[in-house]
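Each remark here refers to the structure printed beneath this line.
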Amino acid sequence: MKFLPRSFREGGLLVWHNLLPLLWLNLIWAVLAWTLVLTGPATLASYALIATTLREDREPDLRQFLPLLLRNLLPGILWALTVVVFAFLAYSNYTFWRRVLGPFGDTVVFLLVTYLSWLFVALQPYLLEALSVERLSYIRAWRAAFLGLAQHPLSAHLYVLIPLAVLILSLLFQTFVFVILVSAALAFAAVQVRPFSPQVPPQDDLPEPSAEPSA
């Protein structure tokens, strides 16, 4: 497993060790996401709870979710609007320029939109961390996100495979995404930014060996 990126190995370990908390957290997210308005705040609150507890190998207190939701209300709405605006601009530009530029331009525009979308997703772990954990302002959070990606370009781009897999699974199993997939993707995002820190249980002090009797 050493050939996998650190975030993949540690993300899988974090998810495996915390399946039940992530399941409950995902169900809370799913209920709030049905309102659409609370999708962004619920995502930031879920990320913050994972990053501040599970990533540090501490038991999460789901009662903290409501204060985190309220604290991330405005940043979460701004974050969700950014996602919607980016998706709209990417789709509209792709459909427009492919008609204008012809077959060759169609390929160029497709590659450009695909990479920009990949880059946008690669920025999200650092953006979520800056907004929900570091509590930076929106502009400063984007600066922090670009800085984080610049420091870890390869692993940040590889992280996109995780939400891509979540998207494919959610299309294949439409109800599965509401069980654990979103919180699992956020767990991988959290360890992409900072390593998972499992606590090593203290070992019992071994008794000192008794002195051998002298001959």
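The values are calculated or read from the model by the stated rules, or taken from the named source; none is laboratory data. All of these numbers come straight from a predicted model, not from anything done at the bench. Methodologically, a virtual Cβ is constructed for each residue, glycine included, from the backbone with ideal geometry; neighbour enumeration extends over all protein chains shown. Note: accessible area is taken over every heavy atom of the protein model, side chains too, but ligands, DNA and RNA are not part of it. Shrake-Rupley method; radii C 1.70, N 1.55, O 1.52, S 1.80 Å.
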* **Extreme residue, nearest to GLY40 (Cα to Cα), among residues of region 164-196 that are open to solvent by less than 70 Å² (accessible area, probe 1.4 Å) and modelled with pLDDT under 75** => VAL177
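This table checks each residue for (1) assigned to a helix (DSSP H, G or I); (2) of a type in the set (S, T, N, Q); (3) open to solvent by less than 70 Å² (accessible area, probe 1.4 Å); (4) touching a Phe, Trp or Tyr at 6+ places or on another chain (Cβ under 8 Å).
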{"position": "TYR91", "(1), (2), (3), (4)": "yes, no, no, no"}
{"position": "THR107", "(1), (2), (3), (4)": "yes, yes, no, no"}
{"position": "TYR115", "(1), (2), (3), (4)": "yes, no, no, no"}
{"position": "LEU127", "(1), (2), (3), (4)": "yes, no, yes, yes"}
{"position": "TRP142", "(1), (2), (3), (4)": "yes, no, yes, no"}
{"position": "LEU154", "(1), (2), (3), (4)": "yes, no, no, no"}
* Applying the selection to region 1-20, what residues are under 18 Å from ARG58 (Cβ atoms), open to solvent by 30 Å² or more (accessible area, probe 1.4 Å) and not aliphatic (A, V, I, L, M)? -> GLU10, TRP16, HIS17
* Boolean, TYR138 is in contact with a Phe, Trp or Tyr (Cβ under 9 Å, 6 or more places away or on another chain), open to solvent by 50 Å² or more (accessible area, probe 1.4 Å), under 23 Å from TRP29 (Cα atoms) and in contact (Cβ under 8 Å) with a residue 24 or more places away in the chain -> yes
* Asked: Is there any pair with a first residue in region 95-117 that is modelled with pLDDT of 90 or more and a second that is surrounded by 13 or more Cβ atoms within 10 Å (Cβ to Cβ) whose Cβ atoms are under 6 Å apart and which are 6 or more apart or on different chains, and what are they?
  -> VAL113/ALA90; VAL113/TYR94; SER117/ALA90
* **Checklist (1) touching a residue at least 24 places away in the same chain (Cβ under 8 Å); (2) closer than 25 Å to PRO67 by Cβ applied to LEU20, failing item** => (1)
* Output the residues belonging to region 75-89 that are open to solvent by 70 Å² or more (accessible area, probe 1.4 Å) and in contact (Cβ under 8 Å) with a residue 12 or more places away in the chain. => LEU81
* Sole residue being open to solvent by less than 20 Å² (accessible area, probe 1.4 Å), in a helix (DSSP H, G or I) and under 28 Å from GLY12 (Cα atoms), chosen from LEU119, LEU147, LEU69 -> LEU69
* To do: Give just the number: which of (1) more than 17 Å from the chain's Cα centre (by Cα); (2) modelled with pLDDT under 95 does LEU136 not satisfy?
  => (2)
* Hey, does region 30-39 have a residue that's under 26 Å from SER137 (Cβ atoms), modelled with pLDDT of 95 or more and open to solvent by less than 30 Å² (accessible area, probe 1.4 Å)? -> no
* **Failed criterion for ASP57 (all others in (1) touching a Ser or Thr at 6+ places or on another chain (Cβ under 7 Å); (2) buried (at least 16 other Cβ atoms within 10 Å of the Cβ) hold)** => (2)
* Scan of region 34-63 for residues that are part of a helix (DSSP H, G or I) and over 22 Å from GLN192 (Cβ atoms), ordered by number -> LEU62, ARG63
